[in-house]
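Here's the structure we're looking at; comments come further down.
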Amino acid sequence: MEFAGLIGSVILLIWLALRGIDIVFAALICATVVIVTNDLPFAAGFTEYFASGPLGAFSFAGRFYLLFIAGAVFGRIMGESHAASSLAMALIQRLGAHRALLICTIACALLTYGGVVVFVVIFAIYPLGLRLLQESNIPKRLLLGAIALGSGTFTLTALPGTPSIHNVISASALGTDLFAAPLLGIIGGLLMFAFGMVYLERERVKAEAAGEGFIPGPRDEIVAAGDPTALPPWPLALFPLALVIGTILMPRLLKGADLGSGVASRVLEFASTQPVLWPSMALFVGSLVALAMFPAVRRHGLTVAGRGTQDAIMPLINTAAVIGFGGVVTQTSGFANFTAVVLNSDLPPLISAFFSVSLVSAITGSASGGLQIFMQSMAPAYIEMGIAPEVLHRVTAMASGGVDSLPHCGAVVAMLTITQLTHRQAYKDVGIITVVFPVLATLIVIGLVALGL
């Protein structure tokens with residue numbers, strides 16, 4: 001009964017997501033199923049395990065709310081100032097509009113690597129992507145695939161230095177920094193990018209041969225890409241993004257430097273010990289600079305920043321709700337048995353860790369949620385097995401971004417909603433790009449570690 005309730009709740013969560021049910025409500029329903037079928041204490045199940053425990057929804061939201069808000073504010077300012085469009089148009093001029101999928105992927109990657117929240121990137125890139133697809137007559141489902149590739153794969157979990165939640169969770173739990181195992185991250189990121197672009201271009205050619213072209217959604221006619229003549233010069237548009245990345249890089253670049261005992265030394269020490277707050281501060285600094293630079297947002301800076309804050313609420317709540325569901329799951333005997341089986345298996349430690357974080361991410365439907373649960377409940381055991389913290393950081397961060405993207409994933413649901421597509425229309429492309437290729441890249445990286453890289 002306990003095991004059936006555990007598996008049944010995950011299947012139910014996927015089914016509710018496929019039906020378009022709000023993920024927060026769905027997480028509450030499925031958490032109830034787990035609590036009832038596993039005979040967990042009802043009051044503690046909701047007030048502690050789901051809400052306020054170490055893996056509770058509000059515990060996660062409280063810890064990472066500033067990073068979500070900072071990323072959303074920066075993304076909103078970059079969008080409304082037309083700086084994001086300026087960067088994308090510069091890519092168009094150099095690569096050509098027929099390379100719309102590559103342009104969208106690179107534009108999304110630049111923004112997410114700079115720390116912009118994935119959901120905000122979707123809103124910022126979607127209008128430009130629509131115009132590119134209209135000009136190139138590329139099916140809209142492939143735009144979703146390009147956005148997923150650029151914002152939800154290599155810049156989210158693989159590339160060293162990214163201020164994503166996944167990278168920050170690993171750094172916080174293991175005492176590493178955001179640049180842990182940089183070579184492994186670069187290799188994994190390049191593999192994800194290469195696999196994804198080959199797939200997208202192959203699908204584009206197949207669609208063209210089959211006569212499949214661009215079909216707008218019911219609300220696409222109200223989406224405007226903006227007047228290209230009103231865009232700021234791309235070097236100016238790039239400056240706030242470069243400032244954010246440079247500020248985040250500063251502790252790494254100055255590590256070991258003799259700065260004396262003055263203000264600079266104290267700032268460096270502070271930055272090195274704040275894996276959540278420092279990237280947040282970098283994003284806020286970038287936002288202030290962008291507000292000062294771009295006239296389109298200068299007069300209404302507080303209003304724009306307020307809208308950015310609103311952009312962060314639903315992504316944060318959706319992620320927190322799924323993590324709360326995972327927090328309930330970790331209290332069941334079935335999860336305890338699963339943990340014992342995996343830890344005591346004869347698999348090599350890194351393979352065992354890969355399967356552990358992948359399955360937990362699949363159960364929760366969240367890479368950040370699965371990674372948070374893994375770091376809290378299982379990571380210490382793998383460190384004791386002899387895995388270097390830096391290697392565990394990078395491999396598990398990459399693994400968390402694979403099987404998490406099943407149909408009930410909150411980010412997948414949000415992307416489909418924003419682009420006005422259904423699971424039937426677009427999930428195949430998203431699933432291959434965000435599940436199959438990251439899993440394959442992670443396994444290749446594990447193989448390279450085994451060979452002594």
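A few points about this structure:
- Test result for residue 373, assigned to a helix (DSSP H, G or I), within 20 Å of the chain's Cα centre (by Cα) and β-branched (Val, Ile, Thr): yes
- Test for residue 63: is it surrounded by 21 or more Cβ atoms within 10 Å (Cβ to Cβ) and of a type in the set (D, E, K, R): no
- Of the helices (runs of 4 or more DSSP H) entirely within the stretch 406-452, those holding at least 1 residues that are farther than 28 Å from residue 391 by Cα occupy 410-419, 423-431.
- Some residue of the stretch 254-277 being at pLDDT below 90, part of a helix (DSSP H, G or I), closer than 30 Å to residue 357 by Cβ and within 20 Å of the chain's Cα centre (by Cα): yes
- Filtered residues of the stretch 202-227 (kept if in a helix (DSSP H, G or I), at pLDDT 65 or above and over 20 Å from residue 427 (Cβ atoms)): 205, 208, 209
- Of the criteria (1) hydrophobic (A, V, I, L, M, F, W, C); (2) in a helix (DSSP H, G or I); (3) surrounded by 17 or more Cβ atoms within 10 Å (Cβ to Cβ); (4) more than 23 Å from the chain's Cα centre (by Cα), which one residue 44 fails: (3)
- Which listed residue, of 103, 77, 92, is at pLDDT below 80 and either in contact with a strand residue (DSSP E or B) (Cβ under 8 Å, 6 or more places away or on another chain) or more than 24 Å from residue 320 (Cα to Cα) (or both): 92
- Conditions (1) closer than 30 Å to residue 136 by Cα; (2) of a type in the set (Lys, Arg); (3) over 21 Å from the mean Cα position of the chain (by Cα); number of the one not met by residue 19: (1)
- Of the numbered criteria (1) within 19 Å of the chain's Cα centre (by Cα); (2) open to solvent by 10 Å² or more (accessible area, probe 1.4 Å), the one residue 71 fails is (2).
- Listed here are the helices (runs of 4 or more DSSP H) enclosed by the stretch 94-182 that have at least 2 residues being out of contact with any Gly (no Cβ under 9 Å at 6 or more places or on another chain): 118-136, 140-152, 165-174.
- Among residues of the stretch 359-391 being surrounded by 24 or more Cβ atoms within 10 Å (Cβ to Cβ) and of a type in the set (S, T, N, Q), the one that is modelled with the lowest pLDDT is 364.
- The single condition from (1) at pLDDT 85 or above; (2) over 16 Å from the mean Cα position of the chain (by Cα) that residue 422 fails is (1).
- Note on the stretch 319-334: residues that are in a helix (DSSP H, G or I) and open to solvent by 10 Å² or more (accessible area, probe 1.4 Å) total 3.
The values are calculated or read from the model by the stated rules, or taken from the named source; none is laboratory data. Everything quoted here is computed from the prediction, not taken from an experiment. Note that we place each Cβ from the backbone using ideal geometry, even for glycine, and neighbour counts take in every protein chain shown. Keep in mind that these areas ignore ligands, DNA and RNA; they rest on the heavy atoms of the full protein, side chains included. Shrake-Rupley method; radii C 1.70, N 1.55, O 1.52, S 1.80 Å.
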